[in-house]
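Below: the structure, in structure tokens.
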Amino acid sequence: MQLDLFSNIGFEEQTPADPVKERIQTLREQLKEANDRYYIDSQPIMSDKDFDDKMHELEKLEQQRPDLFSSDSPTQHPGSDLSQNTEKGFKQIYHRYPMLSLANTYSEQEIKDWYRRVISQLPQQEKVEIVAELKFDGLSISLWYENRRLAHALTRGDGTRGDDVIENIKTIPSIPQQLPAVLPNGEQIPENFEIRGEVLLPWQEFERLNQERLENEEPLFANPRNAASGTLKLQDPNIVRQRKLTCYLYYLLGDEVPFGKHDECLRAAALWGFQVAKSIKTCTSLEQVMEFINYWDVERKNLPVATDGIVLKINDFAQQRQLGFTAKSPRWAIAYKFPAEKQLTQLEQVTFQVGRTGIVTPVANLKPVQLSGTIVKRATLHNADFIQSLDLRENDFVWVEKGGEIIPKITAVELAKRQPMALPIQFPQVCPECGTPLRRNTDEAAYFCPNEMSCPPQIEGRIEHFATRKAMNIEGLGEQNVHLLVSKNIISNIADIYSIEKQQLLALDGWQELSASNLLNAIEESKKVPFARVLFAIGIRFVGETTAKKLANHFRSLEVLQKASKEELMAVEDVGEQIADSIIAYFGKEENQSLLKRLEVAGLKFATTETNAVTENKLNGAKVVISGTFSHHSRDEYKELIEQYGGVNVSSVSAKTTFILAGENMGPQKLEKARKLGVKIISEDDFLQMIS
Ligand code: IVH
């Protein structure tokens, strides 16, 4: 998101005693917050450019004021994407070599300055080669090969420690899991080494994923990078596999690596079977470097993955060693970032759309403008806060950007072109569709229409969602027909679908015997749809396709799910507080209860019947907490085994816990609590014995 939430918070309004000190503090706070939202939530609150500008400003101010040095400052270490909840999450491992970031610039002049600086710091007669590469816009990954087998795959984390996401990485076909000792050409591959690169979600996959999220009314990913990082942090490798990630490798490390130059390493890595970009070029002059930059600034738009710049690296390792590192980045490398493409256009009108969950989204309708190869006519304004932070007024001229993002964004208003007396854009107080006063929950940015039962776009949206392919798959019940049937009072909710009569359809304009029976057959067929999809179809807020599957697998029937406490809901992978609250609120409503009753009577599947059902009830309802790391199966597999043998997974140790299935390095807090409460601790082998 290109929204800079902080640009109005400054010290300009009053003159503080020490303005530089205050500015430094403000910048440190803003950058820390931006880092957290970017790395932890995969939902950025600042554009990369704003972030980099603020970081540069902070670096300059800190240079001026060494007395204000702080090792905690964002200038001293890169942001951290380490997972916060290690119970639900990944094993965290220390990097063998710290994972640093790169100094970056948006200015060609600074690239020239860097080039001259490195040349001047190296012995005069030495030839200097620069390897120019594309800067891939995904997330960095460090792959460890031990005995030529992929042993760990660490995210950057805080630069010192990363999350081991190996199970997810194994789903990427372009990453070899086992390498041969010798290649057909006789070349040997070292036994142990590390290789780093970038995990990416191709544009095509990104668009598919966002389209799916749009249909499910789930928040969209701002760009492929956020989508890739959100994906790699998922707990279920099967979902990761479906998302078709890819990976380009660009940095080989390790004592056994027998090369003296970076380009030799990359060439070798490509021969060993890694995906290495073909665009890499070894340059011997500044002109060649600039040529590479200018060529790829245009050509990169034809690549299947996102790139946001160029990386320049000194080729020779001896020269790299001479130049060394700063606290955060190597002096032997620099990144040049391409400027985001932007255009100025005029706002024609702001419209307010009401979605199936009642959320009101403001949309900017713009004078059409050409941007990165497409015509942009509309841009989302997100919510009321966004409009306010832009201080958007009627007929304003606005800057639209596409940068790394596929969805156009309004990044700024051109104040110089504002008409005098232009009125601010007002967010409506009542629903534009049904006139009900809008509401806003505390802690949520969105306004919504609470008139769930009779606000037309909500009624129709819910029915359309229910009938979509991934839900009940009722062909013939798309947007148009839903609108028709609702407007003719044939249906007004999802349960009514199952009482539609042929006579009612035949009475509609243009409907014949065939079209009517086709629809009724599709409705009849939908009764066979498995429980997980029914759960997705009923449209509980925040319960997308994946969450519905997990809930269905875990609770196995609607009856059990409805009775689950918040804690029991949150024990399910990927279910956090927001989703748990939403599920409880849904089942707490009488209207929903009566709909569900009718759907059950109609014959929909309200329980899981197929595979994964309890094979044998050996665990007899035991409440099991999993802790530590395991060698025979993954945590996910153990969770499935527990359910398969009639146990229940719970997340925290309490007096009700039957036993803890403990792997290596069980968390000390859990151990302490288990001891205090006298909860049994069972080893991995004993557990397998128990269910065998
Ligand atoms: S080299 C010590 N090469 O950019 C140098 N990084 O802003 C290590 N990146 O964390 C990095 N493409 O995730 C390198 N061709 C490339 C890259 C690249 C993308 C990322 C990488 C790094 C970030 C720094």
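Pairing residues of the stretch 642-664 that are closer than 21 Å to Leu551 by Cα with residues that are hydroxyl-bearing (Ser, Thr, Tyr), at Cβ distances under 8 Å and at least 6 apart in sequence or on separate chains, gives Gln644/Thr615; Tyr645/Thr615; Gly647/Thr658; Val650/Thr657.
Screening Phe90 on (1) open to solvent by less than 20 Å² (accessible area, probe 1.4 Å); (2) among the hydrophobic types (A, V, I, L, M, F, W, C); (3) under 21 Å from the mean Cα position of the chain (by Cα) shows it passes everything except condition (1). Checking each residue in the stretch 84-107 for being under 19 Å from Glu664 (Cα atoms) and at pLDDT below 80 picks out Asn85, Thr86, Glu87, Lys88, Gly89. Is at least one residue of the stretch 345-359 touching a residue at least 60 places away in the same chain (Cβ under 8 Å), acidic (Asp, Glu) and either open to solvent by 30 Å² or more (accessible area, probe 1.4 Å) or within 16 Å of the ligand (Cβ to nearest atom) (or both)? No, the stretch 345-359 has no match at all. Counting the residues of the stretch 427-447 that are open to solvent by less than 50 Å² (accessible area, probe 1.4 Å) and modelled with pLDDT of 95 or more gives 7.
Residues in the stretch 577-592 that are open to solvent by less than 60 Å² (accessible area, probe 1.4 Å) and in contact with a helix residue (DSSP H, G or I) (Cβ under 7 Å, 6 or more places away or on another chain): Ile579, Ala580, Ile583, Tyr586, Phe587, Asn592.
So which residues in the stretch 500-522 are aliphatic (A, V, I, L, M), over 13 Å from Ala471 (Cβ atoms) and surrounded by 14 or more Cβ atoms within 10 Å (Cβ to Cβ), if there are any at all? Within the stretch 500-522, Ile500, Leu505, Leu508, Ala516, Leu519, Leu520 meet the criteria. Of everything in the stretch 214-270 that is aromatic (Phe, Trp, Tyr) and crowded, with 19+ Cβ neighbours inside 10 Å, the residue that is farthest from the chain's Cα centre (by Cα) is Tyr251.
Per the listing Leu61, Leu154, the residue uniquely out of contact with any Phe, Trp or Tyr (no Cβ under 6 Å at 6 or more places or on another chain), hydrophobic (A, V, I, L, M, F, W, C) and closer than 30 Å to Leu232 by Cα is Leu154.
Residues of the stretch 271-280 that are in contact (Cβ under 8 Å) with a residue 60 or more places away in the chain and surrounded by fewer than 18 Cβ atoms within 10 Å (Cβ to Cβ): Leu271, Gly273, Gln275, Ser279. Within the stretch 302-310, identify whether any single residue is under 24 Å from Ala103 (Cβ atoms), within 15 Å of the ligand (Cβ to nearest atom), charged (D, E, K, R) and at pLDDT 95 or above, and answer yes or no. Looking through the stretch 302-310, none of the residues is under 24 Å from Ala103 (Cβ atoms), within 15 Å of the ligand (Cβ to nearest atom), charged (D, E, K, R) and at pLDDT 95 or above.
Counted as qualifying within the stretch 259-324 are the helices (runs of 4 or more DSSP H) with 3 or more residues that are under 25 Å from Lys244 (Cα atoms), namely 262-272. Output the residues belonging to the stretch 175-208 that are crowded, with 21+ Cβ neighbours inside 10 Å and either in a loop (DSSP other than H, G, I, E, B) or without any contact (Cβ under 8 Å) to a residue 60 or more places away in the chain (or both). Listed by number, the residues that qualify are Ile175, Leu201, Glu205.
For the stretch 327-372, give me each residue that is within 30 Å of Ala416 (Cα to Cα), among the aliphatic types (A, V, I, L, M) and assigned to a strand (DSSP E or B). Leu344, Leu347, Val350, Val363, Ala364, Leu366, Val369, Leu371 - these are the residues of the stretch 327-372 that are within 30 Å of Ala416 (Cα to Cα), among the aliphatic types (A, V, I, L, M) and assigned to a strand (DSSP E or B).
Give me a count of the residues in the stretch 311-333 that are touching a Ser or Thr at 6+ places or on another chain (Cβ under 9 Å) and either within 8 Å of the ligand (Cβ to nearest atom) or not polar (S, T, N, Q) (or both).
Of the residues in that region, 3 qualify.
The selection criterion, being basic (Lys, Arg), within 26 Å of Pro237 (Cβ to Cβ) and touching a strand residue (DSSP E or B) at 6+ places or on another chain (Cβ under 6 Å), holds for Lys639.
Regarding Leu561, is this residue open to solvent by less than 20 Å² (accessible area, probe 1.4 Å) and more than 22 Å from Gly89 (Cβ to Cβ)?
yes
It is to be established whether one or more residues within the stretch 433-452 are more than 30 Å from Gln388 (Cβ to Cβ) and touching a residue at least 24 places away in the same chain (Cβ under 8 Å). No, because not a single residue in the stretch 433-452 is more than 30 Å from Gln388 (Cβ to Cβ) and touching a residue at least 24 places away in the same chain (Cβ under 8 Å). Out of Lys549, Lys566, one residue alone is under 20 Å from Asn473 (Cβ atoms), of a type outside the set (Val, Ile, Thr) and open to solvent by 10 Å² or more (accessible area, probe 1.4 Å). It is Lys549.
Can you tell me which residues in the stretch 665-679 are exposed (fewer than 12 other Cβ atoms within 10 Å of the Cβ) and within 21 Å of His632 (Cα to Cα)? Outline the logic, then answer.
So the first thing to find is which residues in the stretch 665-679 are exposed (fewer than 12 other Cβ atoms within 10 Å of the Cβ), and the list is 665, 668, 672, 675-676, 678.
Of everything in the stretch 665-679, just one residue is exposed (fewer than 12 other Cβ atoms within 10 Å of the Cβ) and within 21 Å of His632 (Cα to Cα), namely Asn665.
Residues that are in contact with a strand residue (DSSP E or B) (Cβ under 8 Å, 6 or more places away or on another chain), within 13 Å of the ligand (Cβ to nearest atom), in contact (Cβ under 8 Å) with a residue 24 or more places away in the chain and of a type in the set (A, V, I, L, M) do occur in the stretch 103-112, at least one of them.
Mind listing whichever residues of the stretch 139-174 are of a type outside the set (Ser, Thr, Tyr), open to solvent by less than 10 Å² (accessible area, probe 1.4 Å) and either more than 10 Å from the ligand (Cβ to nearest atom) or touching an Asp or Glu at 6+ places or on another chain (Cβ under 6 Å) (or both)? Don't jump to the end; show me each part of the working.
Initially, the stretch 139-174 is screened for residues of a type outside the set (Ser, Thr, Tyr), giving 139, 141, 143-144, 146-154, 156-159, 161-170, 172-173.
Okay, now just the ones that are also open to solvent by less than 10 Å² (accessible area, probe 1.4 Å), so 141, 143, 150, 153-154, 157, 159, 162-163, 165, 168-169, 172.
Scanning the stretch 139-174 gives Leu143, Leu150, Ala153, Leu154, Gly157, Gly162, Asp163, Val165, Asn168, Ile169, Ile172.
Against the conditions (1) away from the ligand (no atom under 16 Å from the Cβ); (2) under 29 Å from the mean Cα position of the chain (by Cα); (3) open to solvent by 20 Å² or more (accessible area, probe 1.4 Å), Ser120 satisfies every one except (2).
Within the stretch 286-329, if we keep just the residues that are open to solvent by 30 Å² or more (accessible area, probe 1.4 Å) and of a type in the set (S, T, N, Q), the residue that is farthest from Ile111 (Cα to Cα) turns out to be Asn302.
Checking the condition over 14 Å from Glu194 (Cβ atoms), in contact (Cβ under 8 Å) with a residue 40 or more places away in the chain and within 11 Å of the ligand (Cβ to nearest atom), which residue from Lys135, Lys91, Lys127 passes? Among Lys135, Lys91, Lys127, only Lys135 is over 14 Å from Glu194 (Cβ atoms), in contact (Cβ under 8 Å) with a residue 40 or more places away in the chain and within 11 Å of the ligand (Cβ to nearest atom). Looking across the stretch 457-487, the residues that are free of Cβ contacts under 8 Å to residues at least 24 places away in the same chain and open to solvent by 50 Å² or more (accessible area, probe 1.4 Å) come down to Arg469, Glu479, Gln480, His483, Ser487.
Checked against (1) within 16 Å of Asn518 (Cα to Cα); (2) open to solvent by 50 Å² or more (accessible area, probe 1.4 Å); (3) modelled with pLDDT under 95, Met453 meets all criteria but (1).
The values are calculated or read from the model by the stated rules, or taken from the named source; none is laboratory data. Predicted model, so just to flag it, every value in this text is computed and none were measured. Here the Cβ is made from the backbone with ideal geometry for all residues, glycine too, and neighbour counts use every protein chain on show. Ligands, DNA and RNA are excluded from the accessible area calculation, which covers all protein heavy atoms including side chains. Shrake-Rupley method; radii C 1.70, N 1.55, O 1.52, S 1.80 Å.
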